[in-house]
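Everything below concerns the one structure shown next.
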Amino acid sequence: DALGPHLGNVTPEDFFAYCYALLATPAYVETFSEELTVPGPRIPLTKDRNVFQKAVRLGRRLIWLHSYGERFVPPGQSNGDVPQERARCRRAVPDASKRYPEEYSYNDASQVLHVGEGEFGPVPKAVWDFSVSGLQVVHSWLNYRMKRGAGRSSSPLDEIRPQCWTGEMSQELLELLWVLEATVGMLPEMAQTLEAIVAGE
């Protein structure tokens, strides 16, 4: 009721997508760093219908990406599909248990991610460095899947580890890289949209 007179019919899903678009950009933290010293997000609401709809569109696409194609599926896309970006598996990670990856590394110059004996690329540096609240996403994903694993051990169940690297694990890694690459590609437009919201009424 409060938004309707300014923005027309706003569904809960549209409002959520609008908020997601704003909160998901590093520009939000940069813009409101002083205000965020008091915990809790605050959402600037635009009165401009066009700007609002642009943020909704960006938010819907981000949620589609971040839910791995499960939510806000665009017309013409299948549920659960992740859009392919540039990264490919250049050299397969061996599936022999004795060759299970113990470490990974990244080469800035060649944009190649090495996972044990496997190679994935191109992986832009912005994807490799991508973080959420200080958590480096690709690093974290890989740490938990290396031979030794990561995280706390709170029960004997934590000692149950994969015995070999599988093709499914490589596909999961590729999909993560594709999601992050698409996300990074959207960041400039998201920052511009936030700037327009803050500058407008």
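The values are calculated or read from the model by the stated rules, or taken from the named source; none is laboratory data. Computed from a predicted model, the values in this text were never measured in an experiment. So basically every Cβ, Gly included, is an ideal-geometry build from the backbone, and we count neighbours across all protein chains shown. The area values use the complete protein model at the heavy-atom level, side chains included, leaving out ligands, DNA and RNA. Shrake-Rupley method; radii C 1.70, N 1.55, O 1.52, S 1.80 Å.
Quick notes
- Using θ = phi - 60° and Karplus 6.51 cos²θ - 1.76 cosθ + 1.60, couplings along the range 79-95 (whole Hz; Gly, Pro as x): 4, x, 7, 9, x, 6, 10, 7, 4, 9, 7, 8, 9, 5, 6, x, 9
- Dipole magnitude of the chain about its Cα centre (Cβ charges: Lys, Arg +1; Asp, Glu -1), debye to nearest 20: 380
- 1.4 Å probe accessible area per residue over the chain, in Å²: 59
- In the chain, the portion of solvent-accessible area held by carbon and sulfur atoms comes to 51 percent [1.4 Å probe, whole percent, DNA, RNA and ligands not counted].
- Debye-formula intensities of the range 1-79, expressed as log10 I(q)/I(0) at q = 0.17 Å⁻¹, are -0.74 (one equal scatterer per alpha-carbon, no solvent).
- Derived scalar couplings between HN and Hα for the range 29-43 equal 5, 5, 5, 10, 4, 5, 5, 7, 5, 8, x, x, x, 10, 10 Hz in order, rounded to whole Hz, by the Karplus curve 6.51 cos²θ - 1.76 cosθ + 1.60 (θ = phi - 60°), x for Gly and Pro.
- Relative to the dominant Cα principal axis of the chain, helix 49-66 is inclined by about 20°.
- Given charges at Cβ of Lys, Arg, Asp, Glu: the chain dipole, positive-most of 200, 133, 18: 133
- The range 1-81 - charge dipole about Cα centre, Lys and Arg +1 at Cβ, Asp and Glu -1, debye rounded to 20: 220
- Note, ³J(HN,Hα) from phi for the range 171-187, Karplus 6.51, -1.76, 1.60, rounded to Hz, x at Gly and Pro: 5, 4, 5, 4, 5, 4, 4, 5, 4, 5, 4, 5, 5, 4, x, 8, 4
- Here the calculated FRET efficiency for residue 53 and residue 129, from their Cβ-Cβ distance with R0 = 30 Å, stands at 0.45, rounded to the nearest 0.05.
- Taking the range 157-171 and a reference point 7 angstrom along Cα→Cβ of residue 102, no backbone N atom is nearer than 14 Å.
- Full extension of the chain segment joining residue 2 with residue 19 gains 4.5 nm, where the gain is 0.36 nm per residue of separation less the Cα-Cα distance.
- For the range 1-94, applying the loop criterion from DSSP together with a ceiling of 16 other beta carbons within 10 Å to the trypsin sites (Lys or Arg not before Pro) yields 42, 47, 71, 86.
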